[in-house]
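Scroll down for the structure; my scribbles are underneath it.
The values are calculated or read from the model by the stated rules, or taken from the named source; none is laboratory data. Computed from a predicted structure; not experimentally measured. A quick note on method: Cβ atoms are made from the backbone with ideal geometry, for glycine too, and the neighbour counts reach across all protein chains shown.
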């Protein structure tokens, strides 16, 4: 988490944005994030439009968004937030179906947690989102736009998901395998990921 202030002279306390229309869930999340996840400041939004505005205003180090919110759903809010500034996003969802997860991945969300969640579900998802965000930064360094970097990130995520399901690897092991193949071949990571997806599609 960067937390750098303007000018880069100092580091601000880590800040997280929580967008959840359920007051009790939102307060419980805020408490958990301060007590267990190391965040000092929590900015709270009650709907998707407020989440987009607060992300623009506060530039959080992490965002946790509920899928079902008034005015703007969490996935569209995530899409708009990421279009302006990449950051780790964890999605809270009552649905674990492929369509919902696919929409979240397409938007650029880095991790998701199915409700009702426990602390032991949320904290690993936060760590996973932060790790995938670092992967995105590496990809972004090779692209002119955030959009292109996110597209490459989605390709890598798709390949990692297939390796986890088909080869029994952990997410970290899958990424290490892709990274190793990229370095060995000299091909960009997203090219290797695309080849993996294509190879599994032929099986």
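Given the criteria part of a helix (DSSP H, G or I), touching a strand residue (DSSP E or B) at 6+ places or on another chain (Cβ under 8 Å) and surrounded by 16 or more Cβ atoms within 10 Å (Cβ to Cβ), does residue 100 qualify?
Judged against the criteria, residue 100 is a match.
Can you tell me which condition residue 39 does not meet? The list is (1) part of a loop (DSSP other than H, G, I, E, B); (2) out of contact with any helix residue (DSSP H, G or I) (no Cβ under 9 Å at 6 or more places or on another chain), and all the others hold.
For residue 39, the failing item is (2).
Do we have residue 130 as closer than 21 Å to residue 194 by Cβ, surrounded by 17 or more Cβ atoms within 10 Å (Cβ to Cβ) and either touching a residue at least 40 places away in the same chain (Cβ under 8 Å) or out of contact with any strand residue (DSSP E or B) (no Cβ under 8 Å at 6 or more places or on another chain) (or both) here?
When the stated conditions are applied, residue 130 does not pass them.
Out of the residues in the range 59-87 that are assigned to a loop (DSSP other than H, G, I, E, B) and surrounded by fewer than 21 Cβ atoms within 10 Å (Cβ to Cβ), state the one that is modelled with the lowest pLDDT.
86
When residue 39 is evaluated against the numbered criteria (1) crowded, with 18+ Cβ neighbours inside 10 Å; (2) more than 19 Å from the chain's Cα centre (by Cα), which criterion, by number, is the only one it fails?
Here residue 39 meets the rest and fails (2).
Answer yes or no as to whether residue 193 is over 19 Å from residue 62 (Cα atoms), buried (at least 17 other Cβ atoms within 10 Å of the Cβ) and without any contact (Cβ under 8 Å) to a residue 60 or more places away in the chain.
Taking the combined requirement at face value, the residue satisfies it.
Among the residues of the range 149-182 satisfying the criterion of being out of contact with any helix residue (DSSP H, G or I) (no Cβ under 8 Å at 6 or more places or on another chain) and more than 19 Å from residue 131 (Cα to Cα), which is surrounded by the fewest Cβ atoms within 10 Å (Cβ to Cβ)?
168
Residues being part of a helix (DSSP H, G or I) and modelled with pLDDT of 85 or more: count how many of those fall in the range 147-176.
Number satisfying all stated conditions: 10.
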